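The values are calculated or read from the model by the stated rules, or taken from the named source; none is laboratory data. Keep in mind it's a predicted model, so treat the numbers as computed, not measured. Methodologically, a virtual Cβ is constructed for each residue, glycine included, from the backbone with ideal geometry; neighbour enumeration extends over all protein chains shown.
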Amino acid sequence: MDWAIFAQVIVNGILTGGLYSLIAVGLTLIFGVMRVINFMHGETLMIGSYLTYFLFTLAGIDPFLSLPLAIFALFFLGMAIQRFFINPVIDAPHFNQILLTFGLVLILQNLALILFTGNYISMTTAYSAIALKIGPIRLGLARLMGFVIAIALTILLSLALKKTEWGKSVRAVTQDREAAMLMGVNVDRVNIVAFGVGSAMGGAAGVVTSMVMYVFPLIGMLFILKAFAIVVLGGFGSIAGAVVGSLILGLTESLVTNYLPNGSGWAEGVSFLILIVILIIRPKGLFYAE
C-alpha cells in the first residue's frame, strides 16, 4: 500500500465530512427542537450557493466575505418559512410535515430552474487553484478554508446551546416541550429562532459548496439525502452525532472512491450500506438524544 496516497485519501475524506457536517448539524437542530422532518433543508444550501455565486460575479464580493451575508439572509428566510409554513403543521403527523416540506422543495427547485436554468455553474477565485503541501499531502486552500468554517460554526453553535439563555431554552424544549412551557419558556420563539439558525447553517454550507463544486438547481436534493443519512446515523437531535456521522460518511466515500473498482459509482451505495448495518446494531443511531 502506498501510505502517502492513503494519507491523502483520509485527509480528503475528513475535509468532505466537514462540509457534510454544516448541513447535517442544521438539520439535526431543527428536528431536535421541533421534531419536524424538514426535506426543504437542502434548498437552503442551494440558495446559499446561488447567493454566493451572484455576489461574486455581479458585485465582486469574495465568497468568504459573503459568508455573513448568506448566514443572515438564510436566517431570516428560515424564520419566515417557519412562521408561515412550518408552524401550522408543527403538531401534525410527520407525513403531513413531509408533504409540506417536499412541496416547498419542488417550488424552490422549479423557481431556481426558471430563474437560473439547469446549467451547471462554478466560480474561479484567486485561490481556487492554490494547494498547500504538507509532506506528501496536498490540501486545496478553498477546501481547507471551508473545513475551518464548518468546524468554527459548529463549535459556535455548540457553545451557544450550552452557554446562552436561548441555548438553555432550546435544550429544555428538546427534552420536554410541555414542561418547558410550564416553566415559562416561549416555545414559539425558540422554534422560529432554531429554524432560522438551522437554515443559516444550510446557507453557510452553500457558501462552502459553491467554492469547491458546481452549483445547479437540484444540488439541495443531493445533499439532503446525505444529511438525513448522517442525522439518522448519529442520532436525531445530536450535534455530536451529526459531526461524527459526517466524518464517517466523508471517509467512507473517499476510501471507496479510491480503492474499489469503479469506486465513484459505488461510494454512496457503500456509505448507505454501512448506515443500514449500524442502524441494525443501534436502531436509534450512535448518539441518540433522548
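Give the residues of the stretch 212-249 that are over 30 Å from Gln175 (Cβ atoms), crowded, with 20+ Cβ neighbours inside 10 Å and within 14 Å of the chain's Cα centre (by Cα), sorted by residue number. Residues satisfying the conditions are Ile219, Gly220.
Tell me which residues, restricted to the stretch 192-206, are closer than 15 Å to Pro68 by Cβ and hydrophobic (A, V, I, L, M, F, W, C). Val197, Ala200, Met201, Ala204, Ala205 - these are the residues of the stretch 192-206 that are closer than 15 Å to Pro68 by Cβ and hydrophobic (A, V, I, L, M, F, W, C). Does Thr125 count as surrounded by 17 or more Cβ atoms within 10 Å (Cβ to Cβ), under 30 Å from Met221 (Cβ atoms) and either under 20 Å from the mean Cα position of the chain (by Cα) or at pLDDT below 85 (or both)? Taking the combined requirement at face value, the residue does not satisfy it.
Results for (1) farther than 20 Å from Leu27 by Cα; (2) in a helix (DSSP H, G or I); (3) touching a residue at least 24 places away in the same chain (Cβ under 8 Å), shown as yes or no for each residue.
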residue: Ala240; (1), (2), (3): no, yes, yes
residue: Val243; (1), (2), (3): no, yes, yes
residue: Leu255; (1), (2), (3): yes, yes, yes
residue: Leu275; (1), (2), (3): no, yes, yes
residue: Pro283; (1), (2), (3): no, no, no
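Regarding the stretch 250-264, can at least one residue be identified that is more than 25 Å from Trp166 (Cβ to Cβ) and under 15 Å from the mean Cα position of the chain (by Cα)? The answer is yes; a qualifying residue exists. The residues of the stretch 57-72 that are part of a helix (DSSP H, G or I), over 16 Å from Leu27 (Cα atoms) and touching a helix residue (DSSP H, G or I) at 6+ places or on another chain (Cβ under 6 Å), listed by number, are Pro63, Ser66, Leu67, Ala70.
Among residues of the stretch 257-269 being at pLDDT 75 or above and hydrophobic (A, V, I, L, M, F, W, C), the one that is farthest from Val9 (Cα to Cα) is Trp266.
Scan the stretch 248-284 for residues that are over 18 Å from Gly18 (Cβ atoms) and of a type in the set (Gly, Ala, Ser) and the total you get is 4. Scanning the stretch 143-173 for residues that are in a helix (DSSP H, G or I) and over 20 Å from the mean Cα position of the chain (by Cα) returns Lys162, Lys163, Glu165, Trp166, Lys168, Ser169, Arg171, Ala172, Val173.
I want to confirm something. Restricting to the stretch 174-200 and keeping residues that are among the hydrophobic types (A, V, I, L, M, F, W, C) and in a loop (DSSP other than H, G, I, E, B), which single residue is farthest from the chain's Cα centre (by Cα)? In this case the residue turns out to be Met183. Take the residues in the stretch 51-66 that are surrounded by 19 or more Cβ atoms within 10 Å (Cβ to Cβ) and over 29 Å from Val170 (Cβ atoms), then tell me which one is modelled with the lowest pLDDT. My answer is Pro63. Applying the set (1) in contact with a Lys or Arg (Cβ under 9 Å, 6 or more places away or on another chain); (2) of a type outside the set (Ser, Thr, Tyr); (3) in a helix (DSSP H, G or I); (4) surrounded by fewer than 23 Cβ atoms within 10 Å (Cβ to Cβ) to Val270 leaves exactly one unmet item: (1). The residue pairs whose first member lies in the stretch 97-121 and is in a helix (DSSP H, G or I), whose second member is of a type in the set (Ser, Thr, Tyr) and loosely packed, with under 14 Cβ neighbours inside 10 Å, and whose beta carbons are closer than 6 Å, counting only pairs six or more residues apart or on different chains, do not exist in this structure. With respect to the conditions (1) hydrophobic (A, V, I, L, M, F, W, C); (2) modelled with pLDDT of 90 or more; (3) under 15 Å from Leu22 (Cα atoms), Leu218 lacks only one, and its number is (3).
Restricting attention to the stretch 133-159 and to residues that are surrounded by 13 or more Cβ atoms within 10 Å (Cβ to Cβ) and among the small types (Gly, Ala, Ser), the residue that is nearest to Gly32 (Cα to Cα) turns out to be Ser158.
Table: residues versus (1) among the acidic types (Asp, Glu); (2) surrounded by fewer than 21 Cβ atoms within 10 Å (Cβ to Cβ); (3) part of a loop (DSSP other than H, G, I, E, B); (4) touching a strand residue (DSSP E or B) at 6+ places or on another chain (Cβ under 8 Å).
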{"residue": "Val9", "(1), (2), (3), (4)": "no, yes, no, no"}
{"residue": "Gly13", "(1), (2), (3), (4)": "no, no, no, no"}
{"residue": "Gly18", "(1), (2), (3), (4)": "no, no, no, no"}
{"residue": "Leu22", "(1), (2), (3), (4)": "no, no, no, no"}
{"residue": "Val33", "(1), (2), (3), (4)": "no, no, no, no"}
{"residue": "Thr44", "(1), (2), (3), (4)": "no, no, no, no"}
{"residue": "Ser49", "(1), (2), (3), (4)": "no, no, no, yes"}
